[in-house]
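Down below is the structure, laid out as structure tokens.
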Amino acid sequence: MFIYNVTIKVKSEIHEEWLDWLKEIHIPEVLETGCFYEATIMQLLEIDDTEGPTFAVQYIAESKAAYNQYMEKYAAELRQKSYDKWGDAFIAFRSLMQKL
């Protein structure tokens with residue numbers, strides 16, 4: 001199992017609207033690619049959130065090949081859609097993990 005983790009710091013003034021968009025639009029679009037079979041949203045706690053809350057979204061892939069397919073075919077377009085909608089109101093950090 002491979003976990004594609006996206007950690008996002010969102011500006012306070014948009015975080016509620018952004019979270020709705022994440023749940024209703026973005027995550028369904030990522031899952032529709034067929035590369036991931038599950039997604040979980042978490043909010044980081046015990047961190048400095050004066051500029052806005054931080055969330056982590058974990059997308060679960062059955063294989064590294066499925067993750068690679070997402071990166072090659074879908075990631076750039078979906079990232080661009082995020083930037084087109086939210087501009088610089090968020091910052092994202094991405095990592096890939098494997099469950100052992």
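The values are calculated or read from the model by the stated rules, or taken from the named source; none is laboratory data. All figures in this text were calculated on a predicted structure; none of them were measured in a lab. Neighbour counts run over all protein chains shown; Cβ positions are idealised from the backbone, glycine included.
Remarks
- The residues of the stretch 33-81 that are modelled with pLDDT of 95 or more and hydroxyl-bearing (Ser, Thr, Tyr), listed by number, are 33, 37, 40, 54, 59, 63, 67, 70, 74.
- In this structure, residue 93 does not satisfy being modelled with pLDDT of 95 or more and either of a type in the set (Asp, Glu) or surrounded by 15 or more Cβ atoms within 10 Å (Cβ to Cβ) (or both).
- Residue satisfying condition, being acidic (Asp, Glu), surrounded by fewer than 15 Cβ atoms within 10 Å (Cβ to Cβ) and either in contact with a Cys (Cβ under 7 Å, 6 or more places away or on another chain) or under 18 Å from residue 93 (Cα atoms) (or both), within set 62, 16, 51, 46: 51
- Some residue of the stretch 31-42 being among the small types (Gly, Ala, Ser), assigned to a loop (DSSP other than H, G, I, E, B) and more than 15 Å from residue 85 (Cα to Cα): yes
- Condition check for residue 67 on (1) of a type in the set (Ser, Thr, Tyr); (2) touching a strand residue (DSSP E or B) at 6+ places or on another chain (Cβ under 8 Å); (3) surrounded by fewer than 16 Cβ atoms within 10 Å (Cβ to Cβ); (4) part of a helix (DSSP H, G or I): one failure, at (3).
- Pairs where the first residue, in the stretch 73-97, is in contact (Cβ under 8 Å) with a residue 40 or more places away in the chain and the second is of a type outside the set (A, V, I, L, M, F, W, C) and in a loop (DSSP other than H, G, I, E, B), C-beta under 6 Å, 6+ apart: 74/33; 89/11
- Test for residue 59: is it hydroxyl-bearing (Ser, Thr, Tyr), farther than 19 Å from residue 24 by Cα and in contact (Cβ under 8 Å) with a residue 40 or more places away in the chain: no
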